[in-house]
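To keep things clear, I will list the structure first and then write my remarks on it.
The values are calculated or read from the model by the stated rules, or taken from the named source; none is laboratory data. Quantities reported herein were computed from a predicted structural model and do not represent experimental measurements. Cβ placement follows ideal geometry from the backbone for every residue including glycine, while neighbour counts extend to all protein chains displayed.
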Amino acid sequence: MKIAVSSQNFKSVTGHAGKSRRFIIFDVGTPCDIPEVVWLDLPMEMSFHEFSGEKHPLDDMDVILTASAGHGFVNKLAQRGVRVITCGESDPHKAVRDFLTGSVKPANPHAHLMHERHESMHTGCCCN
């Protein structure tokens with residue numbers, strides 16, 4: 001299973017996944033495995049906010065964990081076969097462990113509300 005965690009600083013789980021260009025990729029065979037970890041640093045035009053091509057590096061993921069994501073981003077990734085899960089855990093390794101054990105910490109409602117306000121201010125915004 002491949003799990004991407006949005007992390008603009010490569011240290012913590014960050015939000016606004018549609019604009020994120022940095023992800024920590026965990027390749028996990030089973031929940032007990034020590035995952036292979038890769039840092040993905042995309043150019044600006046590869047953020048989903050900017051991307052318009054057919055094949056994206058995140059298409060190979062099974063799951064994306066993020067602090068926040070808009071409905072458009074979640075739907076767009078679902079069409080690509082990728083599940084997006086928002087979580088309130090800031091540590092990427094713990095967020096992945098929590099996901100694998102089925103105990104994902106709920107996302108911070110403040111982050112979600114701020115993103116929803118951003119979406120409503122930008123009608124037609126595709127960053128979500």
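Within segment 1-14, the set of residues being assigned to a strand (DSSP E or B) and aliphatic (A, V, I, L, M) comprises 3, 4, 5. Remark: residue 66 matches the filter, which requires a residue to be at pLDDT 95 or above and touching a Gly at 6+ places or on another chain (Cβ under 9 Å). Considering each residue of segment 1-16, count those that are within 15 Å of residue 62 (Cα to Cα) and either surrounded by fewer than 22 Cβ atoms within 10 Å (Cβ to Cβ) or within 8 Å of the chain's Cα centre (by Cα) (or both), and give that number. Looking only at that region, the number is 5.
Condition check ((1) in contact (Cβ under 8 Å) with a residue 24 or more places away in the chain; (2) over 21 Å from residue 97 (Cβ atoms); (3) surrounded by 14 or more Cβ atoms within 10 Å (Cβ to Cβ)) across all residues:
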position	(1), (2), (3)
19	yes, yes, yes
35	yes, no, yes
38	no, no, no
46	yes, yes, yes
53	no, yes, no
56	yes, yes, yes
67	yes, no, yes
79	no, yes, no
85	no, no, yes
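Scanning segment 100-121 finds one or more residues that are at pLDDT 70 or above, loosely packed, with under 14 Cβ neighbours inside 10 Å and hydroxyl-bearing (Ser, Thr, Tyr).
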